[in-house]
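In what follows, a single structure is set out as structure tokens and then discussed.
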Amino acid sequence: MIFGDPQQLIAQVHSLCDALQRAASPLATLDAIGHATMEMLGPGLLTINAWHADAAQIERLWSSSPAAYPVGGRKTKGDSPWKRQLLERGEVFVGEGDAALAAVFDDIDTIRSLGCRAVVNVPLCHAGRVIGTFNYLADRSVWSGAELAALRTMANLAVLAVKTRLASTD
């Protein structure tokens, strides 16, 4: 993690900006953002997803753990407080602790096996509607304000790539 060293953070931001300038495809953009997020926040699980509202499905476009969460995987999301908060109202969801995760995720056993105890789900919004999610899970008891700000920033960098991917599949 880099939050304690401002010089390292500056170097990470410059590296990410260079990678984004070189990115020649939505996947390359998501790779740059995904790898930079993992560098900044440390070990955990990051997935970047498209939201297909008409089918009520999340489609995984990028994963830091493709063995456990492969790209292309889809999950149907039924009505729940989590879905209404994140996917309908476009509000960040923060879950801390095993009970919070178990209440929201049906794949809690996989999440536990990866050593994750907390999640931040950031909605990816374009033109006033949710088009995807940016999900980071890690071994945390609580999220710091700096971590939440970093995750929201990284998520917003992914919006155009997700929008482009959605447009190419419609």
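Structure data summary
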item	result
Test: residue in the range 51-74 that is loosely packed, with under 15 Cβ neighbours inside 10 Å, over 28 Å from Ala146 (Cβ atoms) and of a type in the set (Lys, Arg)	yes
Residue in the range 81-94 that is in contact with a Cys (Cβ under 7 Å, 6 or more places away or on another chain) and over 30 Å from Ala11 (Cα atoms) present	yes
Neighbours by Cβ (under 7 Å, 6+ apart or cross-chain): first from the range 62-79, within 19 Å of Pro26 (Cα to Cα); second exposed (fewer than 13 other Cβ atoms within 10 Å of the Cβ) and of a type outside the set (A, V, I, L, M, F, W, C)	Ser63/Pro70
Some residue of the range 152-167 being crowded, with 16+ Cβ neighbours inside 10 Å, of a type in the set (A, V, I, L, M) and in contact with a Gly (Cβ under 6 Å, 6 or more places away or on another chain)	yes
Members of the range 27-53 found to be polar (S, T, N, Q), within 16 Å of Thr164 (Cα to Cα) and in contact with a strand residue (DSSP E or B) (Cβ under 6 Å, 6 or more places away or on another chain), listed by number	Asn49
Those residues of the range 116-170 which are touching a residue at least 40 places away in the same chain (Cβ under 8 Å), touching a strand residue (DSSP E or B) at 6+ places or on another chain (Cβ under 9 Å) and in a loop (DSSP other than H, G, I, E, B), in sequence order	Cys116, Asp139, Arg140, Ser141, Val142, Trp143
In the range 1-46, residue surrounded by the fewest Cβ atoms within 10 Å (Cβ to Cβ) [restricted to those that are closer than 16 Å to Leu148 by Cα and of a type in the set (Val, Ile, Thr)]	Ile2
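Listed here are the residues, each with its yes/no results for (1) at pLDDT below 95; (2) among the β-branched types (Val, Ile, Thr).
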site: Arg22; (1), (2): no, no
site: Ala32; (1), (2): no, no
site: Gly44; (1), (2): no, no
site: Ala55; (1), (2): no, no
site: Ile58; (1), (2): no, yes
site: Lys75; (1), (2): yes, no
site: Leu87; (1), (2): no, no
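The values are calculated or read from the model by the stated rules, or taken from the named source; none is laboratory data. Quick caveat, the model's predicted, so the values are computed rather than measured. Reconstructed Cβ throughout: ideal geometry from the backbone, glycine too, with neighbour counts over all protein chains shown.
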